[in-house]
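A quick write-up on the structure given underneath.
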Amino acid sequence: MDFELKILGSSSAIPAPHRYHTAQVLTVGGHLHLIDCGEGTQHQLMRYKIKPHRILNIFISHLHGDHFFGLFGLLSTMHLQARTTPLNLFGPPGLAELLTLQFKVSHTHLTFQISFHEIDPTVHKRIFEDKTMTVHTLPMEHRVPCCGFLFREKPKLRHLVKEKLPAFLTPPQLVRLKFGEDIRDEHGQILVNNADVTTDPKRSRSYAFCSDTKYKEDILPYIKGVDLLYHEATFLHELVDRATYTHHSTALQAATLAKKAGVKRLLLGHFSARYKDLTPLLEEAKSVFANTMLATEGKTIGVLEYDFKETELA
Ligand SMILES: [Zn+2]
Ligand SMILES: [Zn+2]
């Protein structure tokens, strides 16, 4: 099953040439989830041939323009394309009111239904689940209410080893084996030991999106060991005072958090327009956490289902 992230934008407050505001598409099991929707997101979707009607859920981290100014345009395009599929929109308080006013004054009567889900950015809480995954909020510390999102696949079923399965097992019993149960007779005696006839399921993958925030260690328990961590890195550490003052992070701080959380890979983004060359940000982070990449426009990052050694990472 796919578990893939596409980067649409990597720029902080003021866009830089060839850099768009924050937006990412996470595909899990064929379902598309849009994370933040800065200005230009719909153009980026077109550029990378991602059809807006395939997006089922939109998660907005906070109401700074560089994270949601593209939303009204994208929703209008979905309307003009006569979308009928309902859309879930997760965001902080105020987002529903803001969009409703825009639709009202522009006399837009959408062809599809939007379900607004107001989130509390101050808590770690499950806000969404479907058959394959869950989404939890990650409280950030920023100048306005802001949260990140933790996407985690649900535990998968165990594999049956066909050659080892006794012929007498019924279909319901096979299902119970997949869920990890032993098969017992009417007296409670074990007939088939689960470990003898099944193997471990593929592992459940995870992605943590840490939006605009100060360096914040209290989220470590939530992001511990994730496969992929996106963390903002607006500045180099020489501007740590400015980062603290504006409630942002440095590349060094993002890498420190990645190391402390024991994540597999780190993605840096939300770069200040002052950095024309992003190499120094990457190098600064790599000095602390080697498996670091830049979340630049057009990059696709797949998370594999099987465990891999760090040396396999390209
Ligand atoms: Zn921002
Ligand atoms: Zn912000």
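The values are calculated or read from the model by the stated rules, or taken from the named source; none is laboratory data. These figures come from a predicted structure and were not determined experimentally. Virtual Cβ from ideal backbone geometry, glycine too; neighbours counted across all protein chains shown. Protein only, heavy atoms only, side chains kept; ligands, DNA and RNA dropped before computing areas. Shrake-Rupley method; radii C 1.70, N 1.55, O 1.52, S 1.80 Å.
Each distinct pair of alpha carbons in the chain adds a 1/r term; the inverse of their mean, the Kirkwood radius, is 21.0 Å. Share of carbon and sulfur in the accessible area of the range 170-264 stands at 52%, probe radius 1.4 Å. The candidates Val303, Val144, arranged from most to least accessible area with a 1.4 Å probe in the full protein assembly, appear as Val144, Val303.
Please report the antiparallel percentage of DSSP beta bridges with both residues in the range 59-164, rounded to the nearest 5.
Numbers: 11 of 17 bridges.
Given both bridge residues lie in the range 59-164, the antiparallel proportion sits at roughly 65 percent.
Listed values for the range 55-63 are Karplus-derived 3J(HN,Hα) couplings in whole Hz (6.51 cos²θ - 1.76 cosθ + 1.60, θ = phi - 60°), namely 6, 9, 9, 10, 10, 10, 6, 6, 9, and x replaces Gly and Pro. Springs between Cα atoms under 10 Å define the GNM used for the chain, and in it the highest mean-square fluctuation of Ile301, Ile190, Ile114 occurs at Ile190. When shorter helices are ignored and each DSSP H run of at least 4 residues is given -39500 (n - 2.57), the per-residue value for the chain at 222 nm works out to -6000 deg cm²/dmol. At 7 Å along Cα-to-Cβ for each site, give me the label-to-label distance between Val161 and Ala16 in nm. Once both label points are built, they end up 5.3 nm from each other. Site pair Asp2 and Thr85 shows an inter-label distance of 1.2 nm when each label is modelled 7 Å from Cα along Cα→Cβ. For Ser211, the amide hydrogen comes within under 5 Å of the amide hydrogens of Gly148, Phe149, counting only partners 5 or more places away or on other chains and with H modelled in the peptide plane. Pairs of Lys residues in the range 56-158 are counted when their Cα atoms are under 27 angstrom apart and they lie 8 or more places apart or on different chains; the count is 4. Once all protein chains are placed together, Asp277 keeps about 90 Å² accessible to a 1.4 angstrom probe. Relative to the current alpha-carbon distance between Lys104 and His31, full extension at 0.36 nm per residue lengthens the span by 23.3 nm. Counting only DSSP beta bridges whose two residues both lie in the chain, roughly 55 percent are antiparallel. Just checking the listed ones, Glu238, Glu186, Glu283: in the Gaussian network model of the chain with Cα springs under 10 Å, the one fluctuating most is Glu186.
Database remark: amide H of Leu267 closer than 5 angstrom to the amide H of Leu229, Tyr230, His231, Met293 (H placed geometrically; neighbours at sequence offset of 5 or more, or on other chains; Pro and chain starts carry no H). Distance between the pseudo-spin-label points of Leu220 and Asp185 (7 Å out from Cα toward the beta carbon): 5.3 nm. The stretch between Ser76 and Ala195 holds 37.5 nm of extra length on full extension. This uses 0.36 nm per residue minus the Cα-Cα distance. Each residue was assigned an accessible area with a 1.4 Å probe, and for Asp218 the value is about 100 Å².
Per-residue accessible area (protein heavy atoms, 1.4 Å probe) orders Met1, Met78 as Met1, Met78, starting from the largest. What size of dipole, in debye to the nearest 20, comes out for the range 18-83 about its Cα centre when the only charges are +1 on Lys and Arg C-beta atoms and -1 on Asp and Glu C-beta atoms? Roughly 320 debye for the range 18-83. Relative to a virtual label point 7 Å from the Cα of Lys178 in the Cα→beta-carbon direction, which members of the range 140-171 show backbone nitrogen distances below 18 Å? Counting only backbone N, you get 154-171. Here Lys178 sits with roughly 80 square angstrom of accessible surface, probe radius 1.4 Å.
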